[in-house]
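**Q** Could you have a look at this structure, given as structure tokens, before my questions?
The values are calculated or read from the model by the stated rules, or taken from the named source; none is laboratory data. Small disclaimer: the values here were computed from a predicted structure and weren't measured. When we count neighbours, we look across all protein chains shown, and the Cβ atoms used for this are built from the backbone with ideal geometry, even at glycine.
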Amino acid sequence: MTNQAIINLITSMYMWFNQIADPAIPFQKADLEKYFTPTFIMQMNDKIITQDYMSLFSHFEEFRSSGSLLKIVMPFQEFFISEDKKKCVVRYNINKTTKDGKNHIIKVIAIWHISQDGRLNRMNEVVNFEN
């Protein structure tokens, strides 16, 4: 993959995430196939959160039904791509509005592992919840 293809992949995925974070927008497990491998692993602050489509789908459904709204802030604060094009690091904020109307900022540094087929197969995330 080229650097631009990696930037496009990550940007497109986060734009999609911002849409499906709204529970009014339909979301199906099949939607995951565009961006993630079937064995996708999400690790947050050293804890494995998801390890396949089913657990990733459940994770997304959990926050969609929580009453909180999440929005990835773009453009990203920083974006680095490894020389071998197998990883990229993205630093960004998430704006979170809880169901009682309180606003929070979540600061994220995400290390993405990119599979040979151009999808994401792992995310190691360091997250700081503010407010």
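**Q** Can you pull out the strands (runs of 3 or more DSSP E) entirely within region 29-93 that have at least 1 residues that are surrounded by 15 or more Cβ atoms within 10 Å (Cβ to Cβ), within 15 Å of the chain's Cα centre (by Cα) and of a type in the set (D, E, K, R)?
**A** Correct list: 69-72.
**Q** Filter region 3-54 down to the residues that are small (Gly, Ala, Ser) and modelled with pLDDT of 95 or more, then identify the one that is nearest to residue 114 (Cα to Cα).
**A** Checked region 3-54; the qualifying residue nearest to residue 114 (Cα to Cα) is 5.
**Q** Somewhere in region 7-23, is a residue out of contact with any His (no Cβ under 6 Å at 6 or more places or on another chain), farther than 22 Å from residue 109 by Cβ and either part of a loop (DSSP other than H, G, I, E, B) or of a type in the set (Lys, Arg) (or both)?
**A** Yes, region 7-23 has at least one match.
**Q** If a residue has to be without any contact (Cβ under 8 Å) to a residue 40 or more places away in the chain and either in contact with a helix residue (DSSP H, G or I) (Cβ under 9 Å, 6 or more places away or on another chain) or under 19 Å from residue 109 (Cα atoms) (or both) to count, how many in region 35-58 make the cut?
**A** Qualifying residue count, region 35-58: 10.
**Q** Could I ask something else about it? When you scan region 101-111, do you find a residue that is small (Gly, Ala, Ser) and within 19 Å of residue 4 (Cα to Cα), even just one?
**A** Looking for residues that are small (Gly, Ala, Ser) and within 19 Å of residue 4 (Cα to Cα), one finds at least one in region 101-111, hence yes.
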